[in-house]
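Each value in this text was obtained by applying a stated rule to the coordinates, not by laboratory testing. Quick caveat, the model's predicted, so the values are computed rather than measured. With ideal geometry, Cβ positions are generated from the backbone for all residues, glycine too; neighbour counts draw on all protein chains shown.
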Amino acid sequence: MTESTMRTRTIIALASKPSLPNHIKLRHDAGRGRWLILAPERVFEPDEISVEILKRCDGATSVEDIASVLAKEYNAPLQDIIKDTISMLQELSDKGVVKA
């Protein structure tokens, strides 16, 4: 791999403002009653919590703000939500499904 073709890893942090790239779509499959992440030649089936996070990935809302809202909605400790949110978004970022 040459230096020009190497991909730089994006690190997801509290201040990151994640979004889905234009070629990635979050869609609800009504026939099967589940959410899917549609990517070129790939399909991901996120769990319920991941869907709630991804719905908020608009490129304007920070990870910290997303986690704060979810901590209130699910009555869960903020630090646990932050840790899980960053972990999930980092994994999807590494796969090219989320950008920040």
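Quick check on the chain: helices-only [θ] at 222 nm, where DSSP H runs of length 4 and up contribute -39,500 (n - 2.57) each and the sum goes over total residues. Nearest 500, please.
Numbers: 3 runs with 36 residues, N = 100.
Computed ellipticity for the chain at 222 nm equals -11000 deg cm²/dmol.
Cross-link partners among lysines for LYS17, C-alpha distance below 16 Å, same-chain residues fewer than 8 apart left out?
Reachable lysines: LYS55, LYS83, LYS99.
Pick out which of GLU52, GLU41, GLU64 has the largest mean-square fluctuation in a Gaussian network model of the chain, springs linking Cα atoms closer than 10 Å.
Largest GNM mean-square fluctuation: GLU41.
Over the chain, what is the relative contact order in whole percent, taking alpha-carbon pairs under 8 Å and six or more residues apart?
Values: 121 pairs, mean separation 37.1, N = 100.
Averaging sequence separation for qualifying contacts and normalising by length gives 37 percent for the chain.
Go through ALA60, ILE37, ALA71 and say which Cα lies farthest out towards the positive end of the charge dipole of segment 25-94; charges sit on Cβ, +1 for Lys and Arg, -1 for Asp and Glu.
Comparing the listed Cα positions along the dipole, ILE37 ranks first.
What shape does the chain have by the C-alpha gyration tensor, where a ≥ b ≥ c are the square roots of the eigenvalues, rounded means a/c under 1.5, and otherwise prolate means a/b greater than b/c and oblate the rest? Intermediate results must be reported in sequence, preceding the final value.
On the way: a/c = 2.22, a/b = 1.17, b/c = 1.90.
Since a/c reaches 1.5 but b/c is at least a/b, the shape of the chain is classed as oblate.
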